[in-house]
Structure formats: structure tokens, C-alpha cells
Amino acid sequence: MTQTTDLLAELADIDPASPLAAARQQRDAATRHSQGSYRALFSDGSADFPLQERVALAAEVAHWHQDEQLAAHYAAQPGNAASSARFQLALEHARRLTFQPVTATSAHLAALQQAGWTLDAIVTLSQIVAFVSFQSRLVRGYRLIAGHGVSDSNTAFTAGEWHTQPQTQTGKIAPVYFTTAELGWEPWIAAKPLAEFAAEQQQTLARFGHSDSDYFRLLGRNLPVLEQRTLTDKGIFYTSAGLSRAERELAAAVASKVNGCIFCASVHARKAAQLAKQPEAVQRLLDTPPGGQLSADQSSRWQAQIDFAAAISATPASASAQQIQQLRAEGLSDLELLDLLQSAAFFAWANRLMLTLGEPFIPAENHA
């Protein structure tokens with residue numbers, strides 16, 4: 001399956017002459033590599049994960065996110081939906097990743113392996129679910145920024161549940177609350193040893209500084225997707241003009257609170273606090289209990305941004321035209337709106353990988 005057009009622009013009906021189109025062109029790297037991630041996942045299949053299974057899975061995930069245009073796109077691709085017990089187990093896991101990624105455990109990955117899923121295919125399965133979660137949020141957000149209608153959704157956009165078990169699977173001390181302290185992360189399935197990557201592949205990992213990372217060597221089991229995903233990340237967070245870097249990091253922390261990802265929140269809340277020089281405000285966000293309003297007691301600008309980031313992170317997403325109007329009233333331009341959307345949406349992708357392929361731990365040097 002090939003796609004040479006800008007799929008997301010097509011699905012969101014973005015006018016090429018619009019301010020949003022101009023903003024996406026200014027964020028060209030994010031636009032190109034989001035499309036590149038799509039091609040890496042869906043241009044070809046593999047013996048352990050055929051293309052017809054990939055598109056059938058993607059169509060179901062898009063449907064769960066109530067993005068019928070995206071679901072129809074995947075459903076229209078060649079191939080029949082698989083009905084094997086092996087694929088049905090993958091669908092069950094995909095539903096878990098979609099709606100409650102924080103409930104995933106190592107036992108779920110072990111069950112996939114017992115059903116015949118290879119480690120490489122499990123990584124690709126996780127990437128597809130997480131990527132379609134990212135796509136669906138971008139389509140809704142683009143339509144809102146462009147002034148198009150979206151389907152109503154009453155999904156609550158509040159702080160989610162998080163892990164509270166005191167130990168990891170391997171017996172390390174696990175974090176049981178959100179923090180800005182530095183944490184470690186360990187995978188539930190084996191990261192690919194660096195020596196098993198070809199020389200050119202090792203260079204790709206080294207180029208991004210990830211040769212020693214278990215997380216990235218695990219995702220490296222599908223290296224083309226990892227490369228495009230990393231370039232998408234850089235295109236969203238490491239660009240000039242537009243929304244401040246601190247507020248992009250804030251959006252990532254908000255998404256992580258909605259999804260219950262302590263590890264991602266620790267990284268990005270720490271950056272937001274440092275860059276904005278507002279550690280107390282960021283800590284209030286982190287301290288929000290499950291079901292709580294994440295924007296409580298924040299400045300009006302941060303309230304508007306937090307509410308939108310949380311709503312776009314809900315499943316299904318519930319961001320609304322009223323929220324866009326409030327952001328515009330706070331002075332956000334189309335480029336800043338795009339940065340806010342893409343920063344939050346990317347963590348619909350990142351959180352679902354971190355939460356379902358492994359777990360965080362507190363490094364020994366940080367023990368109280």
C-alpha cells in the first residue's frame with residue numbers, strides 16, 4: 001500500500017491556501033515524517049505481520065477513536081481482515097493499548113509470544129496502535145484549527161489512573177506517584193542487542209544518541225519506523241518560533257497525566273518546570289488526583305492550553321471548537337495552535353509505547 005499524498009491534510013480537509021497549511025509547511029519536518037511513519041508501517045508487511053493484518057488492525061483502532069474517516073481509509077485498503085485466534089489476541093491487546101494502556105502488563109506480551117507473535121511483530125503491533133492514536137488526534141485537531149466541524153464527544157479530559165505497585169517485575173523500586181525526578185525504564189521483552197544491528201543500522205541509532213538505550217534498541221526491532229518517529233518528535237519539539245518549548249513540554253506532561261505515564265511525565269514536566277521557571281505550577285499539575293481537573297489553579301493561558309491538551313488526549317478525543325476559541329482569545333496563532341496540538345498528540349503515541357512495552361523504576365542513586 002502506498003500513499004504519496006499528504007494523508008492527514010486530505011482527511012482533515014485542509015485548504016492548501018489556509019493559515020493552517022502554511023503552519024504545517026513551517027513545521028515541514030513533523031509533517032513529512034508523520035507521513036514517513038505511515039509509509040514505514042503500511043507500505044509493506046512482513047512474514048510475521050502481513051500487511052492485511054496491519055491495515056485491519058489500524059482500521060479497528062481508528063474506529064475505537066471514533067475517527068470514521070481514518071477508519072474508512074484503512075478499511076478501504078486491499079486485503080481481508082484476519083480472523084485467526086492469533087490475530088484476535090492482538091486485537092484484544094490493541095483495545096487495551098487504545099483505551100487503558102496503563103493496565104498493560106508483561107503477561108500480556110508473554111501471551112502474544114505464546115500465540116506466535118515474534119518480538120519484532122509485537123513492537124510493530126504496538127507502534128501501529130500508538131501511531132493511529134496519534135493520527136486520529138491530529139485529524140481532529142487540524143479540523144478544529146481549520147474551523148471545520150467535528151463529531152461531538154463527551155469523554156472526560158481529566159487526570160488518569162497510574163501504576164501504584166511498589167516494585168517492577170524484576171524487583172526494582174517503582175515510582176508510585178508523579179515526579180520531576182529522573183527515572184529509569186526497563187523493557188518487558190528483550191531489547192535488540194546492539195551487535196545484532198548491521199553497521200548502517202548502528203549508525204542510525206548513534207545518530208540519535210540511542211545506542212545505549214534499552215527503549216530505543218527495543219523499538220529498533222522496527223528501525224524504519226523508529227527513525228521516522230524520532231524525526232517526527234524532533235520536528236514537533238525542536239523547532240524555532242511558534243509555541244514556547246516550555247509550553248510544548250507542558251502539553252506532553254498533560255497527555256502523560258491523562259494516560260497515567262509516570263515516566264514520560266517525569267521527563268517533560270521537569271523540562272517544562274525548568275524552562276518556564278514555574279516549578280510550583282507544574283507540580284500542581286503532577287499532583288492532580290485521578291479524575292481531577294488538570295488545569296485547576298493555573299494561569300488563564302495555561303488553563304486554556306492544559307484543557308485542550310487534556311481533551312485531545314482523552315479517548316476518544318473530546319477537544320472542541322470552544323477550546324480553540326479560548327486559545328485564540330489567549331493570543332495563540334495558528335502556528336502556536338499547531339505546536340500545542342502536535343505536542344500533545346505525539347504523546348498519545350509515546351505514552352502507549354512506554355506503558356505497554358515496559359515500566360519505570362527509581363535508580364538506586366535516587367532512593368530516599
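Read-outs: derived from the displayed coordinates by stated rules, not from any lab. The structure presented is a predicted model; accordingly, all values stated were derived computationally and were not measured. All Cβ positions, even for glycine, are placed from backbone atoms using ideal geometry, and neighbour counts span all protein chains on display.
What the phi angles of segment 337-354 give under the Karplus curve with 6.51, -1.76 and 1.60, with θ = phi - 60°, is a coupling list of 4, 4, 4, 4, 4, 5, 5, 5, 5, 4, 7, 5, 7, 4, 4, 5, 7, 4 Hz, glycine and proline written as x. Under 5 Å between amide hydrogens, built in the peptide plane, is the criterion, and for Trp185 it picks out Phe361 among residues at least 5 positions away or on other chains. For percent of Cα pairs over 33 Å apart, computed directly from the structure shown, the correct entry in [x] 51; [y] 37; [z] 24 is [z]. Of Arg137, Arg284, the sequence from fewest to most neighbouring Cβ atoms within 10 angstrom is Arg284, Arg137.
Putting +1 on Lys and Arg Cβ atoms and -1 on Asp and Glu Cβ atoms, find which of Ala90, Thr5, Ala76 reaches farthest to the positive end of the dipole of segment 1-103. Farthest along the dipole direction, towards plus: Ala90.
Overall size of segment 1-94 from C-alpha positions, given as principal axis extents largest first: 47, 26, 22 Å. Working note: Debye formula, equal point scatterers on the alpha-carbon atoms of segment 257-352, no solvent; log10 I(q)/I(0) at q = 0.22 Å⁻¹ is -1.34. For a paramagnetic label modelled on Leu275 (point 7 Å from Cα along Cα→Cβ), amide N atoms under 11 Å away belong, within segment 314-346, to 340, 343. For the chain, with a Gaussian network of springs between Cα atoms less than 10 Å apart, report the residue from Arg352, Arg301, Arg54 with the top mean-square fluctuation. Highest fluctuation of the listed residues: Arg301. Listed from fewest to most Cβ neighbours within 10 Å, the set Ile262, Ile324 follows the order Ile324, Ile262.
A straight chain from Gln77 to Glu182 at 0.36 nm per residue would run longer than the Cα-Cα distance by 33.5 nm.
Listed values for segment 131-141 are Karplus-derived 3J(HN,Hα) couplings in whole Hz (6.51 cos²θ - 1.76 cosθ + 1.60, θ = phi - 60°), namely 5, 5, 4, 5, 4, 4, 6, 5, 4, 5, x, and x replaces Gly and Pro.
Computed extension gain for Gln114 through Ala246, at 0.36 nm per residue and net of the alpha carbon distance, reaches 43.2 nm. If you run the Gaussian network model on the chain, springs between alpha carbon atoms under 10 Å, then out of Pro175, Pro279, Pro101 the most flexible one is Pro279.
Taking the alpha-carbon distance from Lys271 and a cut-off under 18 Å, which aspartates and glutamates remain once sequence neighbours fewer than 8 residues away in the same chain are dropped? In chain and number order, the partners are Glu182, Asp233, Glu247, Glu249, Glu280, Asp287, Asp339.
When the listed pairs Lys172/Lys257; Lys192/Lys234; Lys172/Lys234 are checked against a 26 Å cut-off, the alpha-carbon distance exceeds it for Lys172/Lys234. Comparing mean-square fluctuations of Leu183, Leu57, Leu341 from a GNM of the chain with C-alpha springs under 10 Å, the top value falls on Leu183. Segment 64-122 and segment 141-220 have their alpha-carbon centroids 18 Å apart.
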